[in-house]
Amino acid sequence: MLKIAYHPIYTHPLPEKHRFPMVKYELLPKQLIHEGTCGMHNFFEPNFPDKQHIIAVHTLDYYNRLTSLNLDAKEIRKTGFPLSQELVDRELIIADGTIKASLYALEYGIAMNIAGGTHHAYTDHGEAFCLLNDQAIGAQYLLDKKLVQKILIVDLDVHQGNGTAEIFINEPRVFTFSIHGEKNYPFKKEQSDLDIALPNDTSDTEYLTILKETLPQLISQEQPDFIYYLSGVDILATDKLGKLGCSIEACKERDRFVLQTCKDLDISVMCAMGGGYSPEIKTIVEAHANTYRLAQDIFF
Ligand SMILES: [Zn+2]
């Protein structure tokens, strides 16, 4: 069964200027249920994770200052959000959703989180709407519990997974792979184990050719027994932040290729949503819904 982490706090209202990108977290589950892709039984509600799982990735100092709302003004500015207890709770619950979805992925082959993909969070600070790095926390959890031996992180959000790259820079059991817009944030990029930076307006064909040439080869080289997939839909040409030129059909084909590859090779995959900032909320929800439709079609 496809298990999907969702909690009402995912859509926690923020001040007006931050509200738009949050709406998708409410609309996406509604759309999936409305169209029959998922039923209520597919969703599970995460909770607060044990502190030890968070500080296995983030420094104790950062965790303590974040959870007591004691970040300084500069650190808060870097996150892009006004700091609040609700926001910290939201990030903690998202991280728990990714930990639990990782366990479900081991059981069912795939599991997802309606939010997550907070890949700009570093060991000791947050950046760009990311406070805690959920997939890094999930990856470290699986390694610490000795449930997997080698993890591949496939980060196809248009923004480089800079926090994830930094967190696992000295961890040979995690291979970080990021395809992103060369001219997109972060402007000073970290070094993933493999980075592919694409020029502005990269087309469907160019994008998919690179993905299809790279991913199977990488899997055969690294032999992962678990994959984290960050399926940001900010690669769309319509995206207000992303600078690539992909269509919604290419975005769907990207997801299909990644998920089918995992299925064919029998590698469990945990998928988190990441970014999506097209001007029409319908476009964002449709592009994310495709990932769930494909997960149902391919795995169940
Ligand atoms: Zn992004």
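The values are calculated or read from the model by the stated rules, or taken from the named source; none is laboratory data. Only a predicted model underlies this, so the values are computations on that prediction, with no experimental measurement involved. Ideal geometry is used to build each Cβ from the backbone, glycine not excepted, and the neighbour counts take in all protein chains shown. Only protein heavy atoms, including side chains, enter the accessible area calculation; ligands, DNA and RNA are left aside. Shrake-Rupley method; radii C 1.70, N 1.55, O 1.52, S 1.80 Å.
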- Item | Most to least accessible of R90, R256 (protein chains only, probe 1.4 Å) | R256, R90
- Task: Return one whole number: the accessible area per residue of the chain in Å², for a 1.4 Å probe.
- Result: 40
- Return the distance in nm (one decimal) between the two label points of a simple spin-label model at D225 and K240, each offset 7 Å from Cα along Cα→Cβ. 4.5
- Query: Can you pull the three principal axis extents for the Cα set of region 3-154, in Å, largest first?
  - Reply: 45, 41, 25
- Task: With a cut-off of at most 15 other beta carbons within 10 Å, and DSSP calling the residue loop, which trypsin sites (Lys or Arg not before Pro) in region 212-250 qualify? Please list them.
- Result: K240
- Query: Using a cut-off of 19 Å between alpha-carbon atoms, which lysines can reach K243, once sequence neighbours fewer than 8 places away in the same chain are excluded?
  - Reply: K183, K188, K189, K252
- Work out the FRET efficiency for L194 and D89 from their Cβ-Cβ distance, taking R0 = 30 Å, and round it to the nearest 0.05. 0.30
- Query: Taking the simple approach of a point 7 Å from Cα along Cα-to-Cβ for both I76 and R19, what is their distance in nm?
  - Reply: 2.1
- Task: Take the Cα radius of gyration of the chain and divide it by 2.2 N^0.38 Å, with N its residue count; two decimals is plenty.
- Result: 0.90
- Task: Find out how many positive minus negative residues lie around I267, taking Lys and Arg as positive, Asp and Glu as negative, among other residues whose Cβ is under 13 Å from that of I267.
- Result: -2
- Surface share of carbon and sulfur [accessible, 1.4 angstrom probe, percent] for the chain: 52
- Message: Show me, for region 124-137, the HN-Hα J-couplings you get by feeding each phi into the Karplus relation (A = 6.51, B = -1.76, C = 1.60, θ = phi - 60°), rounded to Hz, glycine and proline as x.
- Response: 10, 6, x, 8, 6, 6, 10, 9, 10, 8, 4, 6, 5, 5
- Task: Specify the longest stretch of the chain that does not include any exposed loop site, a site being one of the GluC sites (Glu not before Pro) with a non-H, G, I, E, B DSSP assignment and at most 16 other Cβ atoms within 10 Å.
- Result: 36-181
- Express in nm, to one decimal, how much length is gained between F257 and E26 on full extension, taking 0.36 nm for each residue of separation and deducting their alpha carbon distance. 80.5 nm
